[in-house]
Amino acid sequence: MIESVLDKYQKNLDAKEIIAGVMNSETGEFITLASSNRFNPDTIDKKDYGALNISAIEYIYEPGSVMKPITFSLLFKANKINPYDMYNIYGGSYKLGTKVIKDEHRGDKLSVEDIIVYSSNIGTAQAAQKLDAIEFYQGLKDFGFSVRSGVDLPFENPGIIPALNRFNSPIYKATVGYGYGMNATFMQIIKAYNAFNNNGRLLTPSIVKKLVSSTGQELFPEKNPEVQVIPVAVAKRIQKILIKVVQQGTGSGTKMSGLEIGGKTGTAHIAEDGEYVRIYNGSFFGFVNDKKNKYTVGVLVREAKKRQAYFAAQSAVPVFKEIIEKLVDNGYLTPSSDIQNTSQEIKQ
């Protein structure tokens, strides 16, 4: 079902590939991990070679603004900020050293919370300076960046973050803070986001539930221990902010009555031969919960060529919304009036 959704949007958006995953937030088990680029294992042709690679774990890219909640969770963890601190965003243009940082959101001041909600690069760049080099570097490693996720799939790419000494540079802190100057995989990001929906605990994602021998003996893979990557209170704080992103910010296209939905958009330039070109990846990572079930969901739209569709709000967000609809239609989620009230309280 999810493959058919991805196929439809790949055609509509004229995208190179769309990847989507839905993970049980409390166990790390995938209920789906799908791509629009597939092959028939019975008749593999030369044109299928690219699809033999699992992009969710092999394709590395600069993730863009989906990194902002992770940066701010490290700031909260280190007690360097509070949600109501105000930052000047200088009308949408800010010079840091020799680099000019631009925002889509034009204004004077934003709170920490609204820096995430309205995806301010300028606010993130300034706040990231409060982390020292070790806090930032080690924090990203603790979240699973530049480290293989441990998912039970072969040829996983560990991704790249700058060396520790690079985090002494204000410009590197700024750019990594909003998801540039580093490379990650889809799998690493969905694993990191799962912590926000699992009380700050990092789980190892898994595909295989069990192995069954020819004699019927069942073997269950050994689970890696959970890691408390951020305090429960920090995870809850980020979770509330991500709900606000859906209620009021860049993720409003995923709103659905009776479910707790939160997430963050990311629209990231792609670099070719050391220069950024007019090609983009759009993504949306977040969660959707009812009263009993909790899922972490990720969507990555690679290189959508349809006009204006490169923005994540126009590409990844509609795919995310349709995946939620499929989860409801097939009994994985049950909307409830109680949850809608919770969302309204957060909005106020």
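The values are calculated or read from the model by the stated rules, or taken from the named source; none is laboratory data. Quick caveat, the model's predicted, so the values are computed rather than measured. Ideal geometry is used to build each Cβ from the backbone, glycine not excepted, and the neighbour counts take in all protein chains shown. Surface accessibility is based on the protein's heavy atoms, side chains included, excluding ligands, DNA and RNA. Shrake-Rupley method; radii C 1.70, N 1.55, O 1.52, S 1.80 Å.
Numerical summary
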read-out: In segment 266-320, the residues that are closer than 15 Å to TYR180 by Cα and either of a type in the set (Lys, Arg) or open to solvent by less than 10 Å² (accessible area, probe 1.4 Å) (or both); value: GLY266, ALA268, ASN281, GLY282, SER283
read-out: Condition check for THR215: under 23 Å from VAL299 (Cα atoms) and either open to solvent by 50 Å² or more (accessible area, probe 1.4 Å) or at pLDDT below 95 (or both); value: no
read-out: Single residue of segment 98-154 satisfying the filter (of a type in the set (Gly, Ala, Ser), over 16 Å from the mean Cα position of the chain (by Cα) and under 22 Å from GLY181 (Cβ atoms)) that is surrounded by the most Cβ atoms within 10 Å (Cβ to Cβ); value: GLY123
read-out: Selection from segment 2-43 of residues that are surrounded by fewer than 20 Cβ atoms within 10 Å (Cβ to Cβ) and among the small types (Gly, Ala, Ser); value: SER4
read-out: Close pairs (6 angstrom Cβ cut-off, 6 or more residues apart or separate chains): farther than 14 Å from GLN188 by Cβ in segment 48-64, charged (D, E, K, R) and not in a loop (DSSP other than H, G, I, E, B) anywhere; value: none
read-out: PHE284 vs. criteria under 24 Å from LEU203 (Cα atoms), modelled with pLDDT of 95 or more, part of a helix (DSSP H, G or I) and hydrophobic (A, V, I, L, M, F, W, C); value: no
read-out: Any hit, segment 294-305, residues being of a type in the set (Gly, Ala, Ser), within 20 Å of ILE19 (Cβ to Cβ) and not in a strand (DSSP E or B); value: yes
read-out: Any helices (runs of 4 or more DSSP H) falling wholly within segment 110-209 and containing at least 1 residues that are closer than 30 Å to ASN224 by Cα and touching a residue at least 12 places away in the same chain (Cβ under 8 Å); value: 133-143, 170-177, 186-194
